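Nothing in this text is a laboratory measurement; each read-out follows from the coordinates by a stated rule. Everything quoted here is computed from the prediction, not taken from an experiment. Cβ: placed from backbone, ideal geometry, glycine included. Neighbour counts: every protein chain shown.
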Amino acid sequence: MTVQEKLGQLQQLTWTGDTGPGGGQTAETEAAARAGRLGSVLNIHGARNTNALQRIAVEESRLGIPLLFGLDVIHGFWTTFPIPLAQAASFDPEVSRRDAEVSAAETRAAGVRWTFSPMMDVTHEPRWGRIAEGSGEDPYLNAAFAVAKVEGYQGPADGSRLAADDRIAACAKHFVAYGGAEGGRDYNTVDVSEQRLRNHYLPPFKAAVDAGVATVMAAFNTVSGVPAHGNAHTMRTVLKDEWDFGGFVVSDYTGVEELIAHGFAEDGADAAALALTSGLDMEMVSTHFVDHGEALLDAGLITIEHVDEAVARILALKHALGLFADPYSDESAETTEPTAAARTAARETAARSMVLLKNEAAALPLDPATGSVAVVGPFADSTDLHGTWAGPGSHRFPSVSVLDAVRETAPAARVTHADADPARAAAAAREADVTVVVVGEDPALSGEAAVRSDIGLPAGQEELIAAVAATGTPYVVVLVNGRPLALGGWLDTAPAVLEAWHPGIEAGHAVADVLFGTVNPGGKLPVTFPRATGQIPVYYNHESTGRPYNPAHPDEKYVSRYLDLAEGPRLPFGHGLSYTTFATSDPVLSRDDITRAELEQGETVDVTVTVTNTGERAGDEVVQVYVHDVAASIAQPVRRLRGFARVTLEPGASTTVAFPLGAEDLGFWTNDPAGTFLVERGRVDVYAGTSSTAEARRTLRVL
Ligand code: BGC
């Protein structure tokens, strides 16, 4: 390969569409493919399109190296699954494996072999719109969902199924700490200690690398002053050296170019040198590697080894994906719509992701034989409940609306509809036996560059709920949203509230399944819901202060709290109700102490919890285990999730779940930049129950 051909492999251009600034680069793409100066293309799909472009690369370029086509398939290609944040609320990573498997098959059939997913940015910032794309505020939960998605897209960690016609390469993004953006403002500064980086932001990426993730995408933010795209500590030292990551690192959209705006690089050549030497392998959209690579080599500012390393990583993935054996896609195998089975999977996933926030006096489930139902609110008849960054299917296949699904589910009922107008909604409610109020956020309010400074319900919606409440007709509230919301005073009086998130293509069906009790909800919040936007950041896994709030002395002044807000979140991480009731036993430890030597050898302490369905319906409970290292050389979070299991139980049935706690669960990373993981002697409190506020506790001693 000539130097130009090598540099060409490091270039990715966007075919069409604009998932970042600027438009498509269709003409440049064809020319670059012909010249052998292009490695990859994003924002292209359709086997005919990809084959036509591939033919240029394979038949007209000197070496005929095939292109790698990539696309953001975040929660579905044709079949839109619920947003990732919703999937995390299922506390069942298997739902994300299914999403990834369905997505992989549909995407691969459309000529694309690489998705820019999963996103695993742990975040404490609900204002940040991209909270919708990840698995919420906990690293352990994010890691579990990241692994399920990577395996669902790619198959086993050894990459042996990557070339199969129903698999695609995954991309762990955004590396790293993107969720720490100050103020939740997208692309904003992140200043993060080494221990926070390693304990909080890195674990899902490490889990994804262990699961064999083929690629990693750099993040738009700085990491303690050094932009992620030029960060040798994160990309080279941690990812490639410490973790031995064998895939390649792709930039984010114009991320190399943005090193200039960051005030890190002087110009494009400088940006290319900084990115490449720091461990970035492929440049998305901007063209500084190819434009300046030769001059940088001549000037000795990069070495040929840097270039060769990146090329080898990229070609290795192309080989693993089978592109050299067969660069084309079978146009006759292309699918054009979701299969019935895929729709069923999306519907089940959406229902499984819903969280019953409140249910007083068994307001839910509704009776399908009810005489009349009013379905009101700005999203009552919405057919756009796909959520942010939905795939091509979202343009062709509208979501099932809640209104239509209620009509289908309660065929004998008189079902009426009113929109967002409070007076009309109240009039409809007055005539009905029960009212379903569907409120929340338009999908455009979450996702990239969709940041809100106030995360309450958008204007007019609380008034709408109040107007319905004032009629005296029983009502239930369904929330469709892409982030935690600061729910107003109406939450105190609403009889029942169902958090449905943005549920995807089968939205209405899944909502109706839960409202009418075909599905008993069992999801849990993967994020804390604050009392007010001004309370942010409020998250369950915070460190304690020297002056924590003490509920026994609620009037004490000199404690860490707000004067004008009650203490604690509105709804805690891990919270979620069911139509049945459960009792959980106190946790039992298999032993009361364990030595550090035993932990080092891989021994574990088992925490067992027995859960019983004490109600009258079959239902799901999520047993959760949290740990707290009582005194450590680095102050530890007051709780950290270290185990969860979603179980289904018939009425009266019990089951015992065991969670092994090992060194990984009991230790922590220090501030040593070279990476030191410590398990210290001392007491560790182990909590078990059904939310992050579980009180049942046992104490383990590490000797
Ligand atoms: C986003 C990435 C995405 C890329 C390509 C960027 O704006 O940050 O998550 O994969 O665009 O569409």
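Annotations
- Amide proton proximity set for PHE116, modelled H, under 5 Å, gap of 5+: LEU71, ASP72, VAL73
- Options ILE314, CYS171, ALA618, ranked by Cα towards positive dipole end of the chain, top entry (Cβ charges): ALA618
- For the chain, adding -39500 (n - 2.57) for each run of n ≥ 4 DSSP H residues and dividing by the number of residues yields -7500 deg cm²/dmol at 222 nm.
- 3J(HN,Hα) along the stretch 220-235, derived from phi through the Karplus expression 6.51 cos²θ - 1.76 cosθ + 1.60 where θ = phi - 60°, amounts to 6, 7, 7, 10, 6, x, 10, x, 4, 6, x, 9, 5, 5, 6, 6 Hz, with x in place of Gly and Pro.
- Note that the stretch 329-339 has calculated 3J(HN,Hα) couplings of 10, 6, 5, 6, 8, 5, 9, 10, 7, x, 6 Hz, one per residue in order, obtained from phi through the Karplus relation 6.51 cos²θ - 1.76 cosθ + 1.60 (θ = phi - 60°); glycine and proline are x.
- Shown in residue order for the stretch 555-561 are the 3J(HN,Hα) couplings computed by the Karplus curve 6.51 cos²θ - 1.76 cosθ + 1.60 at θ = phi - 60°: 9, 4, 7, 8, 10, 7, 6 Hz (x for Gly and Pro).
- Between ALA444 and SER585, residue separation times 0.36 nm minus the direct Cα-Cα distance comes to 46.4 nm.
- Residues whose amide H falls under 5 Å from that of ALA418, counting only those 5 or more places apart or on a different chain, are VAL375, VAL376, GLY377, with hydrogens built in the peptide plane.
- Using the Cβ-Cβ distance between ALA631 and THR656 with R0 = 25 Å, the FRET efficiency computed as 1/(1 + (r/R0)^6) comes to roughly 0.20.
- Using the Cβ-Cβ distance between ALA299 and VAL226 with R0 set to 22 Å, the FRET efficiency works out to roughly 0.45.
- For the chain, the antiparallel share of DSSP beta bridges with both residues in that region comes to about 55%.
- Across the stretch 634-673, the volume of the C-alpha convex hull divided among the residues equals 92 Å³ per residue.
- From least to most packed, judged by other beta carbons within 10 angstrom and beginning with the fewest, ARG683, ARG646 follow the order ARG683, ARG646.
- Set of the stretch 295-333 residues, backbone N closer than 14 Å to the point 7 Å along the Cα-Cβ line of GLU59: 327-329
- Crossing angle, helix 340-353 versus the chain [Cα axis fit, 0-90 degrees, rounded to tens]: 60 degrees
- Placed amide H near TRP78: partners under 5 Å, 5+ positions off or other chain: GLY393
- Computed about the Cα centre, the dipole magnitude for the stretch 580-702 is approximately 220 debye when only Lys and Arg (+1) and Asp and Glu (-1) carry charge, each at its Cβ.
- Separation between Cα centres of the stretch 361-383 and the stretch 537-579, rounded to whole Å: 34 Å
- Counted charge near THR222, where neighbours are those whose Cβ lies closer than 14 Å (Asp, Glu -1; Lys, Arg +1): -4
- Anisotropy class of the stretch 62-166 from Cα gyration tensor, a/c 1.5 cut: prolate
- Ratio of the Cα radius of gyration of the stretch 580-702 to 2.2 N^0.38 Å, where N counts its residues: 1.16
- Among the GluC sites (Glu not before Pro) in the stretch 589-653, those located in a DSSP loop and surrounded by at most 14 other Cβ atoms within 10 Å of their own Cβ are GLU603, GLU616.
- Volume per residue of the C-alpha convex hull in the stretch 341-534, rounded to whole Å³: 114 Å³
- Counting neighbouring Cβ atoms within 10 Å and putting the fewest first, the residues GLU650, GLU680 line up as GLU650, GLU680.
- Between the listed residues LEU565, ASN481, GLY440, the Cα displaced farthest toward the positive end of the dipole of the chain, a dipole computed from Cβ unit charges relative to the Cα centre, is found at LEU565.
- Rounded FRET efficiency, nearest 0.05, which uses the C-beta distance separating ALA361 from PHE324 and R0 of 45 Å: 0.10
- By the beta-carbon count within 10 Å of each Cβ, the least crowded to most crowded order of VAL468, VAL686, fewest first, is VAL686, VAL468.
- Inter-label distance, nm, simple model (7 Å from Cα along the C-beta direction), SER560/ALA423: 5.1 nm
- Taken about its Cα centre, the stretch 273-401 carries a charge dipole of roughly 800 debye when the Cβ of each Lys and Arg holds +1 and the Cβ of each Asp and Glu holds -1.
- From the C-alpha gyration tensor of the chain, square roots of 5λ in Å: 42, 32, 23
- Charge-dipole axis of the chain as Lys and Arg at +1 and Asp and Glu at -1 on Cβ define it, positive-most pick from PRO368, MET119, LEU599: PRO368
- Charged-residue dipole, Cβ positions (Lys, Arg, Asp, Glu), the chain about Cα centre, Debye nearest 20: 960 debye
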